[in-house]
Amino acid sequence: MPYALITGASKGIGREIAISLAKRKYNLLLIARTEKLLVDLAKELQEKYKVEVFYNAIDLSSADAAEDIITWCNKGGYDISVLINNAGYGLNGAFEKLPLDEQLNMMWLNMSTLVQFTHLSLPLLKRHSGKSYILNIASTAAYQAVPYLAVYSATKAFVLSFSRALKLEMKGSNVSVTCLSPGGTDTHFMERAGMEGSKKIMKQAKKFNMPADEVAEFGVKAMLSRKSEVIPGFSNKITAFSNRLLPKSVVEAVAKGIYSPE
């Protein structure tokens, strides 16, 4: 089988996507920052699913990370047919109070790194003799402005728009582009975003969060079916659809009430 290249593969949705693809006998190239987690996951998948797994521990928010990884892939001679752009994170809080350097770092990882990986991977995906796939991970936050997740929601709106446009540009080629927009998911997202101290947000999460493995499986199936834009979970679909119908001022006021750290 060919290889799937997965960014942000050590935890959460990325990890579960790696498992989902290993079950389908894809060989894997796992990319994330924490080497110990990559080592453990690679060993688990190799032993359980009898696939080849290689990993590269790197800070994906660094400017040269994507180029370094693609150079590594070319040197390895890997036949890549799947690119999973999963790496990313959010920051919760008032825009003016969150450190600017952290917000710029988030923007780079969520958008620039994704664009770099996509651009540099396309020659490899097109070189594959069969069908190739790109799966970009956005968020239901892409469908409206979200106060106190202002920059994060804007980055995910970028991912969604970019994915939809690229899907049409790739029409007629062997490469399809799918954008997965999860809602709340049981991952380390809220911890990384600084939401754990908010009882209001945590209460909301307990009601609506989906298991990461369900989100991952939904995304992989959609990707392999060459779908364009998908949202896992009935309530998430309804919310995204409602955001298109209701006045933006109403939707954004509700979001402000949910995500305000106060």
Q. Which one of these does SER121 not meet: (1) among the small types (Gly, Ala, Ser); (2) more than 14 Å from ILE6 (Cβ to Cβ); (3) in a helix (DSSP H, G or I)?
A. (2)
Q | region 206-262: number of residues that are modelled with pLDDT of 85 or more and β-branched (Val, Ile, Thr) | A | 4
Q: Can you tell me which residue among SER176, SER161 is of a type in the set (Ser, Thr, Tyr), out of contact with any strand residue (DSSP E or B) (no Cβ under 7 Å at 6 or more places or on another chain) and closer than 18 Å to ILE84 by Cα?
A: SER161
Q. With (1) of a type outside the set (D, E, K, R); (2) in a helix (DSSP H, G or I); (3) under 25 Å from GLU252 (Cβ atoms); (4) modelled with pLDDT of 95 or more as the list, and CYS179 as the residue in question, which single condition is left unmet?
A. (2)
Q. Could you say which residue among ALA94, ALA157 is of a type in the set (A, V, I, L, M), out of contact with any Cys (no Cβ under 7 Å at 6 or more places or on another chain) and in contact (Cβ under 8 Å) with a residue 40 or more places away in the chain?
A. ALA94
Q) TYR78 is checked against (1) in contact (Cβ under 8 Å) with a residue 40 or more places away in the chain; (2) part of a loop (DSSP other than H, G, I, E, B); (3) under 20 Å from LEU109 (Cα atoms); (4) not hydrophobic (A, V, I, L, M, F, W, C) and fails just one. What number does that condition carry? A) (3)
Q. Taking the stated definitions as given, is ALA57 farther than 22 Å from VAL215 by Cβ and hydrophobic (A, V, I, L, M, F, W, C)?
A. yes
Q: Only one of these is under 20 Å from the mean Cα position of the chain (by Cα) and either at pLDDT 95 or above or crowded, with 17+ Cβ neighbours inside 10 Å (or both): LYS167, LYS171. Name it.
A: LYS167
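The values are calculated or read from the model by the stated rules, or taken from the named source; none is laboratory data. Bear in mind that the values here come from a model prediction, so they are computed numbers and not experimental data. Every residue, glycine among them, receives a Cβ derived from its backbone with ideal geometry; neighbour counts consider all protein chains shown.
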